[in-house]
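The values are calculated or read from the model by the stated rules, or taken from the named source; none is laboratory data. Remember, it's a predicted structure, so these values are computed and weren't measured experimentally. Here the Cβ is made from the backbone with ideal geometry for all residues, glycine too, and neighbour counts use every protein chain on show. Accessible surface areas use protein heavy atoms only, side chains included; no ligands, DNA or RNA. Shrake-Rupley method; radii C 1.70, N 1.55, O 1.52, S 1.80 Å.
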Amino acid sequence: MRVLDVAAVSAWSAACVHSLSVLRPAIDGINVYPVADSDTGSNLLFTMTAARDALAAAAPEDTAGALSAFAKGAVAAAKGNSGVIMSQVIRGIAESAAARDLDGPGLAEALGLADQAATGAVSRPVAGTILTVLHTVAAAVRGATGSLEEVAATAASVAAEALEETPKQLPVLAVAGVVDAGARGLVAVLDALSGVISGGATEPEHPLEVHHNHATETPTAWEVMYLLDGVDEESLPGLRKTLSGLGDSVTVAGDGAGGFAVHVHCADIGAALEAGIELGRPRKVRVEPLITPTPVEVGGGIDRSVVAVVHGGPLAELLRAEGVAVLSVPPGVSPTVEEMLGLINEAAGHHVTVLPGGKRLTEAADAAAGHAMAADRDVVVIPCVSPVQVLAALAVHDPDRRTNDDVVAMAEAAAATRRGELRIAQEESLTWVGRAQAGDVVGLVDGEVVLIEPAPASETNLVAAAVSVLNRMLALGGELVTVLTGVDAPVRLPGELADQLRLEHPEIELTSYAGGQSDAVLLMGVE
């Protein structure tokens, strides 16, 4: 039974450096911000070269020691987001080697651990990147029982196939006509591993044909990197949260021995360093200007995207079905700056229109729109205080219209949509129309309580309250009613409401969707 030994690890480290040095100009050329670093090929080469040198200096006597030295060298020297993630790939393999021989099944298990380590290091994983390719590889070889050579060959082949799929998973890649640069580096590393194990060629396979560089000369923010020692692992989620509030591309990657490599793209260097100082001892601090490429343009002369941020999974899926990029956040939670920047910067085109489905979501969108990391985008936030206003805006969106005219039309549609809600009172409260007890059905129009239907919140009571609220809204006119049902809404409620409206307002068109919101039984919009 053949296993990965010290000589093979050493040969692999050298082959990785060779492959990346050959591919570096091409990898740099396909970089598209913010998916990859501003100089991904150089970052990967720097990281792997340092890892190779650390391995050579350690002169280990067993495979586990060799991979451990390789991984620690990669983490310590990790440069850029792609370098940090690659260091975690090696770390995952090293940790597996510490527990078992790396034969075929052992390598398959190691790649699964590498997937877990790399994904766990990233604050906000993005589809269509190096993480997607790694996850596809880990899934493909999971439980494999073949030889070491067979598993390595499968990993390299699946990675190359997954790489070709990345433009379909991330709009900014599809528009640019390129693959993710970090993912291409992973393919090179797995090709090198397969070549070393098989004894075949270690020259880079799957050559790149696209050389597409979007870089400009003006830095808009900074790439902050440092090693962090003496930190309690329980405090790492808080560190990631703090860094996510400063910018994007946040990674906090461990070396398996208590040290961590921290990476973030942000505008406030001091705040990024202070976050580490509060928890441990930062060292080897590196700060580099972040060169952000000009946003890619959509074909046909259209240079814009519409994106949304909402609460509720079903609503998010509804919007995605309409071709809108959506950030779905849990009820009552505001998205982080990193999440909002990801939504904005991963959209294709220079102009991005953001439709937030609530007041707090609008505030988060406004904060991200003015952030230095989004400075190269023309971001317009259309204020919405309810998801029904998001749907109204999308209903009039016309990609063939001039950008400014389209934004005005969407803003007017959102503002003109009157909104109603049905909520279940959670406690006793005093309102403009009387005292509500816990369990009562409370109806609101444009944020003001207009009726209280005594408990229980039965289907009959809910229908009666909804019709009463809609009658108030329709008194000022309207042609279309949109209803979003919450998670606690009875299944038959939309149908019962439609039947009742058909009797009282036959001229009204009613459309119902599952919204998935937890704070309201029904959200209603009148246009």
I'd like the full set of residues that are of a type outside the set (A, V, I, L, M, F, W, C), assigned to a helix (DSSP H, G or I) and under 21 Å from Ala257 (Cβ atoms), limited to segment 96-108. Ser96
Inter-residue pairs, beta-carbon under 6 Å, first farther than 15 Å from Val189 by Cα and in segment 154-173, second among the hydroxyl-bearing types (Ser, Thr, Tyr) and crowded, with 21+ Cβ neighbours inside 10 Å, 6+ apart: Leu173/Thr166
From Ala110, Ala118, Ala94, grab the single residue that is touching a Leu at 6+ places or on another chain (Cβ under 7 Å), buried (at least 24 other Cβ atoms within 10 Å of the Cβ), closer than 23 Å to Asp255 by Cβ and free of Cβ contacts under 8 Å to residues at least 24 places away in the same chain. Ala110
Please work out which residue is farthest from Gln500 (Cα to Cα), limiting yourself to segment 458-468 and to residues that are touching a helix residue (DSSP H, G or I) at 6+ places or on another chain (Cβ under 9 Å) and open to solvent by 40 Å² or more (accessible area, probe 1.4 Å). Glu459
Considering only residues that are within 19 Å of Gln517 (Cβ to Cβ) and either β-branched (Val, Ile, Thr) or exposed (fewer than 13 other Cβ atoms within 10 Å of the Cβ) (or both), which ones fall in segment 410-445? Thr417, Ile424, Gln426, Val441, Val442, Val445
Would you be able to tell me the number of residues in segment 133-151 that are closer than 19 Å to Ala118 by Cα and either outside any loop (DSSP other than H, G, I, E, B) or of a type in the set (A, V, I, L, M) (or both)? 9
Sort out which residues of segment 173-207 are under 16 Å from Ser21 (Cα atoms), buried (at least 19 other Cβ atoms within 10 Å of the Cβ) and modelled with pLDDT under 75, and write them in order of number. Thr202, Pro204
Being in a strand (DSSP E or B), without any contact (Cβ under 8 Å) to a residue 60 or more places away in the chain and of a type in the set (Gly, Ala, Ser) is the filter here, so list the residues in segment 478-519 that pass it. Ser512
Among the residues in segment 316-325, are any of a type in the set (A, V, I, L, M, F, W, C), buried (at least 21 other Cβ atoms within 10 Å of the Cβ), touching a residue at least 12 places away in the same chain (Cβ under 8 Å) and touching a Leu at 6+ places or on another chain (Cβ under 6 Å)? no
Examine segment 345-356 for a residue that is outside any loop (DSSP other than H, G, I, E, B), modelled with pLDDT under 85 and either open to solvent by 40 Å² or more (accessible area, probe 1.4 Å) or more than 30 Å from Ala489 (Cα to Cα) (or both), and state whether such a residue exists. yes
Could you go through segment 493-507 and let me know if any residue there is under 13 Å from Gly525 (Cβ atoms) and crowded, with 19+ Cβ neighbours inside 10 Å. no
